[in-house]
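Right, one structure below, let's go through it.
The values are calculated or read from the model by the stated rules, or taken from the named source; none is laboratory data. Note that this is a predicted model, so its numbers are computed, not measured. Heads up: the accessible areas ignore ligands, DNA and RNA and are worked out on the full protein's heavy atoms, side chains in. Shrake-Rupley method; radii C 1.70, N 1.55, O 1.52, S 1.80 Å.
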Amino acid sequence: MNILINSQEQTVNESACLADVLTEYSQNKNITGSFAVALNAQFIAKGNYAKTTLNSGDKIDIMSPIAGG
């Protein structure tokens, strides 16, 4: 199925959960450290990644913290 991750189309397995997709994406993009995730504009707590199923057309936004002053 096709989903969007940070506005880029990705093809993932039909049975993939959010945790599966985030693991593969972070390894491919060398993302380390903490990040926040929104699925279709709704924040998803890290403890719910494995329980969150995905549907074709879903939009995942991955945001890294930004320090400022």
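Remarks
- Relative contact order (percent, whole number), the chain, Cα cutoff 8 Å, 6+ residue spacing: 45 percent
- Scalar couplings 3J(HN,Hα) for the range 39-44, obtained by applying the Karplus form with A = 6.51, B = -1.76, C = 1.60 to θ = phi - 60°, are 10, 6, 6, 10, 4, 10 Hz; x denotes Gly and Pro.
- Shape analysis of the chain yields a ratio of the Cα radius of gyration to the Kirkwood radius, Rg/Rh, of 0.96.
- Gain upon complete extension [Ala45, Ser26; 0.36 nm per residue less C-alpha separation]: 5.2 nm
- Mean accessible surface per residue for the range 13-53, computed with a 1.4 Å probe while every protein chain stays in place, in Å²: 68 Å²
- When Asp58, Asp20 are compared by accessible surface with a 1.4 Å probe, the order from highest to lowest is Asp20, Asp58.
- Taking amide H as placed 1.01 Å from N in the peptide plane, Ile5 has its amide H under 5 Å from the amide H of Gln10, Ile60, each at least 5 places away in sequence or on another chain.
- Across the protein chains, with a 1.4 Å probe defining accessible surface, the residues Ile5, Ile62 rank Ile62, Ile5 from largest area downward.
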